[in-house]
There are 2 protein chains.
Amino acid sequence: MDADTQVAEPVNVAADAESYAEFRSELFRAGLLIDTGVDGLYAKSSVYEGIVAALDLLITSTMVDRPAEVLSFPPVLARWVFDKTDYLKSFPDLMGSVHTFRGTDRQHAELISLAESGGDWPGCLVPAEVVLCSATCHPLYPLCSGTLPEGGRRFEVNGYCFRCEPSVDPTRMQAFRMHEYVYVGEPEVAQTHRDGGLERGLELLGKLGLDVEAIPANDPFFGRLGTMLAANQIDEALKMEIVTPVCSTERPTAIMSANCHRDHFGVPFGITDASGGTAHSACVAFGVERVTLALLKTHGLDPADWSRGVRDMLRA
Amino acid sequence: MDADTQVAEPVNVAADAESYAEFRSELFRAGLLIDTGVDGLYAKSSVYEGIVAALDLLITSTMVDRPAEVLSFPPVLARWVFDKTDYLKSFPDLMGSVHTFRGTDRQHAELISLAESGGDWPGCLVPAEVVLCSATCHPLYPLCSGTLPEGGRRFEVNGYCFRCEPSVDPTRMQAFRMHEYVYVGEPEVAQTHRDGGLERGLELLGKLGLDVEAIPANDPFFGRLGTMLAANQIDEALKMEIVTPVCSTERPTAIMSANCHRDHFGVPFGITDASGGTAHSACVAFGVERVTLALLKTHGLDPADWSRGVRDMLRA
């Protein structure tokens, strides 16, 4: 795929939107997703959750070739960590800043009165110490500050992250789970971590019967500056994505990414590798909601009808 | 415990704060919780997560006596649903309103500049369509709008909710998981659901070796009006809590609640039972983080050293 063409393409075109909306209606009718009245925000059935759980087990057993520290993070992130990631510069429109009330009794009465009359009640709130988690691996980097052990550190993390992008496309959820393998340490190993993860991800997702391809990632950087950042990202090809057709073969959906961050996190979080250089990092991230939806679209809405091979892999 | 005395007691007193901080330090040293620099926000180790997972299985196998619909919700809630729960009136200081950026390129430049200079950049954000989930069962009620089938509906839900209350008390997390059983339907059955759940919860938590007691709940309602609401809550005893000493025997920690909401959700969400009356609801909610921490405090920080009986129950 030509890089320039890809940047110029809008992410969602009208024809795709119809296919997405139709697929979402099918998921609603099958009871796999349940409408909440907000685009991108769904309740999920136990059948859907069963696929997610099986995928998580499969990903863990396939991807971990050496001991990794397994950590769990809540769906909110310390604001001071968020501030250091530069996310506000690149994706301000996707962020979720958490605000709360710290006023008096009288101010509380004003808050309620404003809320009831449709006034500017959010102006009564103040920023909390947390924001919604912008990426499942973001909370990890501050834990690595200082000098790393020889060979660096490897992590497995799995949790919710948030993108404020209401959409009729069911694969574009506002809150969704990422299952990630992260390496923090030496530059060459970070590159190998990304390349090896990408290869293994391609193989795994292909075996699940998905028509997959690896392409340079094309993140939705904000604004005019963002157009430049997106072009750079594709040129440098530091972040790769595995895509598969869900509702469009021309504009396939990213279901996994493999990203070499170089020193993007090592610098702000003061992480040094064993040899004294600024640490590099890389993450391999499965979008488990998107893989689940790609499987449902490809193999049908009832997992009991999936081929023996796929069901065996997912022990479903 | 005398109801009036309980209302008059502050939730945290200085002496307790020291014990809580000490317990938290022990959890940090043991690597069970990992400090993020924000009180109430922690990463968790795989050992901690193993206890949570085992507890969830045990709770499911103990509490479900008849088929329940199992649903999973993301950690954010539709704002229109939040608005109908009256949470803003009772607990404005615990809420998490999600805000994001919807401006132009120029406004983005201002946002960044304000953020870098420590100015009022949150004033550049607008409320998103979602808020942090205020209670794990809140997203459930709008799904019940309309007329319920004979006998009502039963649900099992498990997920993250949020309370903006930074604290050195490790049992007072800002983002934490609740595992709930919810009934929506006839008034008498709702009452039975609460009473039966409370009894079963007491038995289960007692068998796990926790010193438990059921008392009327004493929620931290906000402000002067809140003092009255709290007194009413205790008088009516609609919400009960199971408490156990974690860092204080005088002020034990609530680890489970059993709450009969009467028509609190039936009215705003327009839920009618099969006989045409406004539906009542009741929820039985395990604070799995708090049960986990109570077990660690009671039985020791290494689950491998726990008694055979407790380990068998948790298949640990």
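The values are calculated or read from the model by the stated rules, or taken from the named source; none is laboratory data. Worth saying up front: this structure is predicted, and the values here are computed from it rather than measured. Here Cβ is always computed from backbone atoms with ideal geometry, including for glycine, and neighbour counts include all displayed protein chains. Surface areas here come from the heavy atoms of the whole protein model, side chains and all, with no ligands, DNA or RNA. Shrake-Rupley method; radii C 1.70, N 1.55, O 1.52, S 1.80 Å.
Scanning segment A:142-163 for residues that are more than 26 Å from B:D39 (Cβ to Cβ) and within 12 Å of another protein chain (Cβ to nearest Cβ) returns A:E156, A:R163. When B:R102 is tested against (1) modelled with pLDDT of 95 or more; (2) open to solvent by less than 60 Å² (accessible area, probe 1.4 Å), only condition (2) is not met.
Residues in segment A:112-128 that are open to solvent by less than 20 Å² (accessible area, probe 1.4 Å) and in a strand (DSSP E or B): A:A128 alone.
Set side by side, the residues A:G276, A:G226 differ, and just one is among the small types (G, A, S) and assigned to a helix (DSSP H, G or I), which is A:G226.
Scanning segment B:255-263 for residues that are in a loop (DSSP other than H, G, I, E, B), open to solvent by 10 Å² or more (accessible area, probe 1.4 Å) and at pLDDT below 95 turns up nothing.
Number of residues in segment A:22-32 that are open to solvent by less than 30 Å² (accessible area, probe 1.4 Å) and within 12 Å of A:D169 (Cα to Cα): the value is 2.
Condition test on B:P74, is it facing chain A (nearest Cβ under 7 Å) and buried (at least 19 other Cβ atoms within 10 Å of the Cβ)? Spelling it out, B:P74 is indeed facing chain A (nearest Cβ under 7 Å) and buried (at least 19 other Cβ atoms within 10 Å of the Cβ).
For segment A:85-120, a residue qualifies if it is in contact with a His (Cβ under 9 Å, 6 or more places away or on another chain) and more than 9 Å from chain B (Cβ to nearest Cβ), and the qualifying residues are A:T85, A:D86, A:Y87.
Taking A:S61, is it within 12 Å of chain B (Cβ to nearest Cβ) and either of a type outside the set (K, R) or surrounded by 15 or more Cβ atoms within 10 Å (Cβ to Cβ) (or both)? I'd like the intermediate steps shown before the answer.
On the way: within 12 Å of chain B (Cβ to nearest Cβ): no; either of a type outside the set (K, R) or surrounded by 15 or more Cβ atoms within 10 Å (Cβ to Cβ) (or both): yes.
No, not satisfied.
Among the residues making up segment A:31-69, those that are modelled with pLDDT of 95 or more and polar (S, T, N, Q) are A:T36, A:S45, A:S46. Scanning segment B:224-241 for residues that are out of contact with any Ser or Thr (no Cβ under 8 Å at 6 or more places or on another chain) and open to solvent by less than 40 Å² (accessible area, probe 1.4 Å) returns B:A230, B:A231, B:Q233, B:I234, B:A237, B:L238. Of the residues making up segment B:129-141, just one is surrounded by fewer than 23 Cβ atoms within 10 Å (Cβ to Cβ) and within 10 Å of chain A (Cβ to nearest Cβ), namely B:E129. For segment A:291-299, the criterion of being surrounded by fewer than 20 Cβ atoms within 10 Å (Cβ to Cβ) and either farther than 25 Å from B:F101 by Cβ or of a type in the set (A, V, I, L, M, F, W, C) (or both) is satisfied by at least one residue. Of the residues making up segment A:2-16, none is in a helix (DSSP H, G or I), modelled with pLDDT of 95 or more and either surrounded by 15 or more Cβ atoms within 10 Å (Cβ to Cβ) or touching a Ser or Thr at 6+ places or on another chain (Cβ under 9 Å) (or both).
Screening A:R153 against (1) open to solvent by 40 Å² or more (accessible area, probe 1.4 Å); (2) without any contact (Cβ under 8 Å) to a residue 60 or more places away in the chain; (3) of a type outside the set (A, V, I, L, M, F, W, C); (4) out of contact with any Pro (no Cβ under 9 Å at 6 or more places or on another chain) leaves a single unmet condition, (2).
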